[in-house]
Amino acid sequence: MPIFTFDSLALTLSIRTQNKHHKQKIMYPEYLVAPMREDLTQVGFQDLKNPEEVEAAIASEGTTFVVINSVCGCAASNARPAAKIAAQHTKHPDKLITVFAGVEKAAVDQARSHMLPYPPSSPSMAVFKDGKLVHIIERHQIEGRPAQMIADNLIGAFEQYC
């Protein structure tokens with residue numbers, strides 16, 4: 001049964017499962033990130049919340065588009081709109097998934113482990129083919145660029161790898 005406790009820095013979620021006790025620091029409360037999640041899930045992205053789901057999605061056959069979502073302004077004005085535009089293209093990855101930085105740390109860490117040697121970045125977006133990273137857009141490539149420009153970059157990757 002989940003136990004919720006508050007401390008001065010963050011909401012701490014403690015989950016007890018089969019003799020294991022896991023603690024996860026959550027930087028942002030769910031009510032704050034829910035609309036940002038829905039921005040992507042309403043156009044077909046699957047919101048993954050644990051590392052096992054992320055591993056299964058990325059490691060599977062076919063193509064997977066991963067968006068590491070974020071509360072920052074460049075995610076709202078550039079990254080999410082670009083991801084939504086690109087996802088509507090006729091040629092797109094088999095799977096569209098998203099994880100939320102600052103909320104599902106273990107899921108985000110699992111996604112980022114597949115993005116090495118690129119440093120952690122949020123927001124960021126990546127395309128995988130048969131479990132291999134084939135295209136990535138980091139935060140510095142998102143900031144200050146119009147959503148359509150980012151979408152065009154993604155669409156080019158979709159055309160090449162999907």
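The values are calculated or read from the model by the stated rules, or taken from the named source; none is laboratory data. None of these values were measured; they are calculated from a predicted model. Ideal geometry is used to build each Cβ from the backbone, glycine not excepted, and the neighbour counts take in all protein chains shown.
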Practice prompt. For the stretch 104-125, enumerate the residues that are farther than 21 Å from P93 by Cα and among the charged types (D, E, K, R).
Written response: E104, K105, D109
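Please go through the stretch 27-72 and pick out each residue that is of a type in the set (A, V, I, L, M), touching a Lys or Arg at 6+ places or on another chain (Cβ under 8 Å) and at pLDDT below 95.
Taking the stretch 27-72 as the starting set, the residues that turn out to be of a type in the set (A, V, I, L, M) are 27, 32-34, 36, 40, 43, 48, 54, 56-59, 66-68, 71.
Next cut, touching a Lys or Arg at 6+ places or on another chain (Cβ under 8 Å) only: 36, 40, 43, 57, 67-68.
Within the stretch 27-72, just M36 meets the criteria.
Taking the options T98, T90, name whichever one is at pLDDT 95 or above and buried (at least 18 other Cβ atoms within 10 Å of the Cβ).
Working: T90 fails: buried (at least 18 other Cβ atoms within 10 Å of the Cβ).
On inspection, the qualifying residue turns out to be T98.
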Item to complete: Considering only the stretch 140-162, state which residues are in contact with a Pro (Cβ under 9 Å, 6 or more places away or on another chain) and either of a type in the set (S, T, N, Q) or without any contact (Cβ under 8 Å) to a residue 12 or more places away in the chain (or both).
Response: Q148
Worksheet item: Scanning the stretch 41-78 for residues that are part of a helix (DSSP H, G or I) and in contact with a strand residue (DSSP E or B) (Cβ under 7 Å, 6 or more places away or on another chain), which turns out surrounded by the fewest Cβ atoms within 10 Å (Cβ to Cβ)?
Response: T41
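Among the candidates A82, A106, which residue alone is surrounded by 21 or more Cβ atoms within 10 Å (Cβ to Cβ), touching a residue at least 60 places away in the same chain (Cβ under 8 Å), small (G, A, S) and under 20 Å from L48 (Cα atoms)? Break it down stepwise before answering.
On the way: A106 fails: surrounded by 21 or more Cβ atoms within 10 Å (Cβ to Cβ).
The match here is A82.
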Response to the item:
When every residue in the stretch 116-139 that is outside any strand (DSSP E or B) and either over 16 Å from the mean Cα position of the chain (by Cα) or in contact (Cβ under 8 Å) with a residue 40 or more places away in the chain (or both) is compared, the one farthest from L48 (Cα to Cα) is P117
Worksheet item: Any residue in the stretch 151-159 that is part of a loop (DSSP other than H, G, I, E, B), of a type outside the set (K, R), in contact with a Phe, Trp or Tyr (Cβ under 9 Å, 6 or more places away or on another chain) and at pLDDT 95 or above?
Response: no
